[in-house]
Amino acid sequence: MSKNKYTFHLGITMAGAVSAGAYTAGFMDYIIEALDNWEKAKKEASPDDVIPKHNVIIDALGGASAGGMVSMITTLALYSGIHKPVKEVSRKKTGNILYDSWVFLDDDDSLYNGTRKGKTTFAKMLSTSDLTGDQGASSLLNSTPIDTIAETVFEKIPKDAGTVNFPAYISQDLRLLLTITSLRPVDYKVKLSKLKSKFLDSTPGHKISHHDIVAHFKLNYNELVDKDKFLPFRPTAKSPVEKVNTEFLTNVTKATGAFPIGLAPRYFADDFSSAYVNYSLSQRKAFDTSMDIELDTTSVSDFKFTAVDGGAINNEPFDEILRTLVATHGAANKKNPKYGTVLIDPFPNFEYEKKPGNIDFKLTSIMDIIGYLIPTVLNQARNKQTDTYGIGLFKLMAFPRKLKLGTTQEVEHPPLATGGIGGFGGFLDIDFRIHDFFLGRKNAQNFLRGVFFMEYDETDKNNLFYGIHPKALKKFRKIVNGKTYLPIIPDVGKLDKDDDSNPSRYKVQEFPKFNEVKFLELKKPIKKRLKAVLKAELKKKVSNWAMRIGLGLLISLLSKKMTKWIMDTIIKDFKARGM
């Protein structure tokens, strides 16, 4: 970690996104490229060069769902020391695990080698190969392709991988935080007064159940100091006696993206100790001795549970990242921030701000109430009311934006091609994922060059940019309302004479179109999958042969009607998105 006084410590938070993880992957790809180029330029620069000399250190990466998966893959790319940015569209594997994982997913390579034969990821997700035995259906979609993607990433880690490969802008004590949702509650009690009577020995406490678990990996893990406080990150062994935990890392990667019901849940038997779960809860909820709190310490040493998508209740864990930065660097400096977070959110939830006037929420029917009840419970579960919002801390959000060429006006359609079907749309077509990966790269470029700035004060010796050379100041400054601002991560690519600085010019300019004819070919596999899921879930509960026949007819009818509804809904959704 840099000892330079003029260093900004960055934590990057990646929100849930389903297949729009392709956008986040592209965004991170460009961030890494910009940091690499800046580090190289600083080493080659003369004292009076135009390159700003302050430092940026990434201390933490973390996220939920697809954002959690991108966080893990980014860490592995840096850990492996083999990351090379993807600047041009490629329909062949590149060796860049961000691009290869999120653009190709589990599509067969043969689809892109000229033969155009093979199966897409979505076609594989409609397979019924996972519905065996009498265990029922674990998910609506076959999650085997997701397993393959996660496992492939870990299989390709070189033997010499390690923090030694980290560039100067990555902390040797990097933290990786992934959220998962435990279907088993983590309980604690609010103590109540202990009153005795002849009917009751003492009054019990008020139990509160918590389901949000954070897998907090510390890459510089020390068994003596960190046991039951953090989790080890060991995809490779540094010594013959060190225990590799690749299987656990892979399972956490799958779990954070285990979209409830849609994708299969994940089970943890002996990976999380009860001591770790309780310690994490106490730290994140800021329990202290002044609070009448009693943690459940009666559990066995291992906390066994089934997990689903971390985004179910903690989809934007910027508070977790901020807490890690505060614990490392102390109280915030409002005047001269030396740390902060950027939240990359493919689906920001500020759409309501665009709606004019007041909304009448008078509900009168049972169905209306039920329709609002589910999002009400979900929103409340995601409420960060007991956590810090980081008052005075530096925090920014980056989100998808696409402009009409040569203008500052946004395109009429939603910017993400993968955003259809609630974020599952990207599984249908590689062109959607390619578009969004490169949109992520361009948005990252625009973010670094136009948004990720702090004010410069030439008289303040504690200012991040203090002592910047006048030539560098002139090249990188931005003046707004008479104040001068400088980029936290200078994108030195803008100094290249061939650089295209037009913020509205994209590598994939045209928005991809939904191929309705090709999609209709999936009607039979969708119906077959639905029928198999219904059969797996319902038939095992009926033993009478006559009822089984009746149930079989009902399943056939339901699968037919559901297939039609699904097909019509998806087609309508893509049309509404201008695709």
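If R₀ is 45 angstrom, what is the calculated FRET efficiency for the pair residue 377 and residue 173, using the beta carbon separation as r and rounding to 0.05?
The pair residue 377/residue 173 has a calculated efficiency of 0.75.
What is the Cα convex hull volume of segment 459-579 when expressed per residue in Å³?
Here the figure is 240 Å³ per residue.
Please report Rg over Rh for segment 377-519, where both radii come from the alpha carbon positions and Rh follows the Kirkwood definition.
1.07
Could you size up the charge dipole of segment 1-134 around its Cα centre, putting +1 on the beta carbon of Lys and Arg and -1 on that of Asp and Glu, and report it in debye to the nearest 20?
240 debye
Within the chain, what percent of beta bridges assigned by DSSP are antiparallel, to the nearest 5?
Counting only bridges with both partners in the chain, antiparallel ones make up about 50 percent.
Could you tell me which of rounded, prolate or oblate describes segment 97-207, using a ≥ b ≥ c as the square roots of the eigenvalues of the alpha-carbon gyration tensor, with rounded for a/c under 1.5 and, failing that, prolate when a/b is larger than b/c and oblate otherwise?
oblate
At a probe radius of 1.4 Å, what is the per-residue accessible area of residue 405, in Å² to the nearest 10?
Residue 405 exposes around 100 Å² with every protein chain in place.
Where the eigenvalues come from the Cα gyration tensor of segment 208-316, what are the semi-axes √(5λ) of the equivalent ellipsoid, largest first, in whole Å?
Semi-axes, largest first: 23, 21, 12 Å.
Probe of 1.4 angstrom, ligands and nucleic acids ignored: what's the accessible area per residue over the chain, in square angstrom?
51 Å²
What are the trypsin sites (Lys or Arg not before Pro) within segment 114-153 that DSSP puts in a loop, where the Cβ has at most 13 other Cβ atoms within 10 Å?
The qualifying sites are 116, 117.
Which order do you get for 350, 104 if you rank them by accessible area with a 1.4 Å probe, largest at the top?
350, 104
Using only the Cα atoms, work out Rg/Rh for segment 399-450, with Rh taken as the Kirkwood radius, to two decimals.
Across segment 399-450, the Cα-based Rg/Rh ratio is 1.00.
Among the lysines, select those whose C-alpha is under 18 Å from the C-alpha of residue 117, and discard any that sit fewer than 8 residues away in the same chain.
Leaving aside lysines fewer than 8 places away in the same chain, those within reach of residue 117 are 92, 93, 518.
Could you order 284, 433 by accessible surface area, starting with the largest, using a probe radius of 1.4 Å?
Reading off the accessible areas and sorting them downward yields 284, 433.
Can you send over the carbon and sulfur percentage of the accessible area for the chain, probe radius 1.4 Å, protein chains only?
Roughly 55 percent, rounded to a whole number.
The values are calculated or read from the model by the stated rules, or taken from the named source; none is laboratory data. In this text, all values refer to a predicted model and were calculated from it rather than measured experimentally. Counting neighbours? That spans all protein chains shown, and the Cβs are built from the backbone with ideal geometry, glycine included. Note: accessible area is taken over every heavy atom of the protein model, side chains too, but ligands, DNA and RNA are not part of it. Shrake-Rupley method; radii C 1.70, N 1.55, O 1.52, S 1.80 Å.
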